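A.B. asks: Quick one: the structure is below, questions incoming.
The values are calculated or read from the model by the stated rules, or taken from the named source; none is laboratory data. Being a predicted model, the structure only gives us computed values, none of them experimental. Glycine also receives a Cβ, built like all others from the backbone with ideal geometry; neighbour counts cover every protein chain displayed.
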C-alpha cells in the first residue's frame, strides 16, 4: 500500500514548504460518462499531488472537466480509472457508506450557492457535519459556537439563512466546512454569487485559513480570484495544461 | 476579521469518546433527526395537515365505529343478562294451526286450549336435577282503574321469587309474600309506568286499584328499566308494552280464571292458557344450555302442537357476542381501508417532499450523511406525520361517540384497546408507506442532487 510512504513520496511539482506532507494524491484519474451506447471521457488521466497547507486554484474554461474533478476530489463521484488517495486512504474503491464517512470527516465543502439548509438556523447548519460524525450535542454546540464567532456571526446563530446576506450565508458555509476540521477545504466558485465587497471578505477569510495552515482547493474561472492562491492548476480538455506555483 | 484563529490541523476525532456514527441506536441522534423532521413538517404545515387528514379520518372512524358497535352489542348483551344467565324461559304461544282451524269453524267460538301447563312444569321439575326454582306466571291483559283513570296493562300473576329471578328491583314498598300467595290475596305491585299513569299526584302505596270488579291493595312499585322486550309475551298480544303489574299467581287464577275472552275484529275469541311463562332457574350456570335442551325434549314430547317457545338467555348472549365480534371485524375492515387510503396519501406527499428537497438531500450527503441517515430522516418524518394524524384521530374518535350518544341516545363504548390499536396501525402505516419515498431519497446521486434547483 502506498499510503505508508506518501509523505516521503517524490513531489511532482515544486514544494513550497519543504517536507510538507501530501494530503491528497490523484493518480491518472480518468472519468467516462455513459449515456446509453454513447460514452464520453471527460478526464483523460490527471495526476496531481496536494500538499498540506497548500492554497490551490483549479482553473479552466467551461467543459474542461473542472466540475468533474471537483466532484471526484469531493468523493461525491468515483473515477472510472485511476486512484485517489485522501490522507492515507484510497477512495477509488470505497463503498457508498465509506465515501459518506470520508466526505463528512475529511472534507469541507463551500459551494457557489452556499447550500445552507433553509429550515435550520445558523448554528444548526454549522453543526450538521458534526451530527453525521456522531459528535455529542454539547461538543457540537461548543464547536459550532466557536466557529460562528470566528466567522463573525456569533450574534446571528439563531437566524435562518434567508435572514442573512449572501456574504453572511457564505461565511456560515465556511464555518460549516471547518466544523469537522477537514483535511481539505473544497470551494467551488465561492464568490460567484457575491458582490465584490462580500467576495473580498470571503477571500480574506480564505487567506486567513491559509495562514492557519489549512489546505484549500478552489475551483474558479476568475484569474483575479486565483491571484490570491499560490498554486494554479489549469485544465484543458480533461488534462492538466499547466501547474504553476506563485509565491505570494 | 484578522483575529480569527483556527484549530491546528490535528484531526479532532482522536481522543474523542463519541459514539461511532450509525452504530446501534443513539437516542440523541434520534431526537435530533426527529427535531429536524418536525421542522420540515412545520415548514409546510398546511400541506402536512391535508396529508394527515386521511389518517385522521381513518383512525377516528376505527375508534368511532368500534365504539358504536361495542355499545350496540353491550346493549344487546345487557338485555340477555337481564333475563338471567342461569335462567331458562318457557313461554306459551298461540300455535299457528289452531288459529286457522278455529277461524274456519262454524258455531259458537270454541275456547282455544294451548300453552304450558302446571303438569309440564312438575314433570320438568321432577325429571331434571339441578333446577333450583321454577317461577310460573300467568299474564293477562286487563284494564286497571284508579278512580276515573284507567289503563290497559299486563297483569302478571306470579310467585314471590319473580323479581329476584329477573333482576328487577323494587323502587318502593315490597313484593307480595308467601302468605299472601297462599291466601289468594288482593295485593298488587305496580311498575313505574302504571304507577305514574294511575297516580298522578298521590303516593300509590297503600291506595287501591280496581281490576274487573275487584280492588287490589298497592304494596310496591317496581323499576321498569329492567323490563326487556324479550321477556314479554302477553296473552294474545304481540305488541310489547313495558307496563306491567304483578299480583300473586293464586289470585290471578281465582279472579280471572284460565279462559280469557277478547273482542276482535272477527268476533269473539277466547282461549284457555294455564301458564303464559315459566322461568326455570338452574343451579349451575354452566349446565344451562344442556338443561335447556332436555327441557325442550320433554316439552316437545308432551305437546302435540308447537305452542311454546324456549329461550335460553345464555345461548342468546353467546350468539350476541358472536355477532358483535362479526360486527367489529366488519367495522375494523372498513376503517382499515380508510387507513390504507390515508397511508397512500402520506406516501404521495412524501414523494413530493423528496423531490422538493432533492437539494437538501444532496447537501446532507455531501456533508457526510450515509444513505441510511437519509432513510431514517424521511422515515421519521413519515412516522411523525402519521403519528400526529393518528393522535388527532384518536381525540376525534373519542369525541365522536360522545356526540353520537348525546344527540342520538345510542350507547357507545370506547374500549381502551380501540385507540391504542388504531394509533399503532397509523404509526405502522407511516413506516410502511414511508419506506419507498425514503429509499428514493437515499438512492439519489449526490452530485445530481446538489445540482438540482
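A.B. asks: Examine the range B:354-372 for a residue that is assigned to a helix (DSSP H, G or I), over 30 Å from residue B:70 (Cα atoms) and within 40 Å of the chain's Cα centre (by Cα), and state whether such a residue exists. Don't jump to the end; show me each part of the working.
C.D. replies: Filtering the range B:354-372 for residues assigned to a helix (DSSP H, G or I) gives B:354-356, B:358-366, B:371-372.
Next cut, over 30 Å from residue B:70 (Cα atoms) only: B:354-356, B:358-366, B:371-372.
Narrowing further to those that are within 40 Å of the chain's Cα centre (by Cα): none.
Checked against the condition, which is being assigned to a helix (DSSP H, G or I), over 30 Å from residue B:70 (Cα atoms) and within 40 Å of the chain's Cα centre (by Cα), the range B:354-372 yields no hits at all.
A.B. asks: Right, another one. What tally of residues in the range B:316-344 results from selecting those that are surrounded by fewer than 22 Cβ atoms within 10 Å (Cβ to Cβ) and either within 14 Å of chain A (Cβ to nearest Cβ) or in contact with a helix residue (DSSP H, G or I) (Cβ under 6 Å, 6 or more places away or on another chain) (or both)?
C.D. replies: As a first pass, look at the range B:316-344 and keep what is surrounded by fewer than 22 Cβ atoms within 10 Å (Cβ to Cβ): B:316-334, B:336-338, B:340-341, B:344.
Narrowing further to those that are either within 14 Å of chain A (Cβ to nearest Cβ) or in contact with a helix residue (DSSP H, G or I) (Cβ under 6 Å, 6 or more places away or on another chain) (or both): B:316-317, B:320, B:324, B:327-328, B:331, B:338, B:341.
Qualifying residue count for the region: 9.
A.B. asks: Also: I'd like the full set of residues that are surrounded by 14 or more Cβ atoms within 10 Å (Cβ to Cβ) and part of a helix (DSSP H, G or I), limited to the range B:170-197.
C.D. replies: Across the range B:170-197, the qualifying residues are B:180, B:181, B:192, B:193, B:194, B:195, B:196, B:197.
A.B. asks: Also, quick follow-up: Restricting attention to the range B:356-375, and to residues there that are more than 11 Å from chain A (Cβ to nearest Cβ) and touching a residue at least 60 places away in the same chain (Cβ under 8 Å), which single residue is nearest to residue A:73 (Cα to Cα)?
C.D. replies: Residues of the range B:356-375 that are more than 11 Å from chain A (Cβ to nearest Cβ), as a first pass: B:356, B:358, B:375.
Filter once more, keeping what is touching a residue at least 60 places away in the same chain (Cβ under 8 Å): B:358, B:375.
Working: B:358: 22, B:375: 26 Å.
Looking at the filtered set, the residue picked out is B:358.
A.B. asks: If you check residue A:70 against the conditions, is it under 21 Å from residue A:206 (Cβ atoms), surrounded by 22 or more Cβ atoms within 10 Å (Cβ to Cβ) and modelled with pLDDT under 95? If you could, list the steps in order and put the result at the bottom.
C.D. replies: On the way: under 21 Å from residue A:206 (Cβ atoms): yes; surrounded by 22 or more Cβ atoms within 10 Å (Cβ to Cβ): no; modelled with pLDDT under 95: yes.
For residue A:70, the condition - under 21 Å from residue A:206 (Cβ atoms), surrounded by 22 or more Cβ atoms within 10 Å (Cβ to Cβ) and modelled with pLDDT under 95 - is not met.
A.B. asks: Counting residues that are crowded, with 19+ Cβ neighbours inside 10 Å and away from chain B (no Cβ under 14 Å), which strands (runs of 3 or more DSSP E) fully inside the range A:130-248 reach at least 3? Spell out how you get there, then give the answer.
C.D. replies: Details: elements: A:184-188, A:216-219, A:231-236, A:239-245.
Per the criteria, A:231-236.
A.B. asks: While we're on this one: So, of the residues in the range A:69-106 that are touching a strand residue (DSSP E or B) at 6+ places or on another chain (Cβ under 8 Å) and part of a loop (DSSP other than H, G, I, E, B), which turns out to be nearest to residue A:215 (Cα to Cα)?
C.D. replies: Going through the qualifying residues, I end up with A:87.
A.B. asks: What single numbered condition from (1) facing another protein chain (nearest Cβ under 7 Å); (2) out of contact with any helix residue (DSSP H, G or I) (no Cβ under 9 Å at 6 or more places or on another chain) fails to hold for residue A:106?
C.D. replies: Just one mismatch for residue A:106, condition (1).
A.B. asks: Given B:426, B:353, which one is away from chain A (no Cβ under 14 Å), surrounded by 16 or more Cβ atoms within 10 Å (Cβ to Cβ) and out of contact with any strand residue (DSSP E or B) (no Cβ under 6 Å at 6 or more places or on another chain)? Walk me through how you get there before you give the answer.
C.D. replies: Values: B:353 fails: away from chain A (no Cβ under 14 Å).
Going through B:426, B:353 in turn, the sole match is B:426.
A.B. asks: Here's another thing I want to ask about it. Quick check on residue A:132: is it within 27 Å of residue A:222 (Cα to Cα), touching a helix residue (DSSP H, G or I) at 6+ places or on another chain (Cβ under 8 Å) and in contact (Cβ under 8 Å) with a residue 12 or more places away in the chain? Steps first, answer last, please.
C.D. replies: Working: within 27 Å of residue A:222 (Cα to Cα): no; touching a helix residue (DSSP H, G or I) at 6+ places or on another chain (Cβ under 8 Å): yes; in contact (Cβ under 8 Å) with a residue 12 or more places away in the chain: yes.
Against the criterion (within 27 Å of residue A:222 (Cα to Cα), touching a helix residue (DSSP H, G or I) at 6+ places or on another chain (Cβ under 8 Å) and in contact (Cβ under 8 Å) with a residue 12 or more places away in the chain), residue A:132 does not qualify.
A.B. asks: Given A:116, A:120, which one is within 9 Å of chain B (Cβ to nearest Cβ), outside any helix (DSSP H, G or I) and surrounded by 24 or more Cβ atoms within 10 Å (Cβ to Cβ)? So that I can check it myself, show each step before the final result.
C.D. replies: Values: A:120 fails: surrounded by 24 or more Cβ atoms within 10 Å (Cβ to Cβ).
A:116 is the lone residue from the list that is within 9 Å of chain B (Cβ to nearest Cβ), outside any helix (DSSP H, G or I) and surrounded by 24 or more Cβ atoms within 10 Å (Cβ to Cβ).
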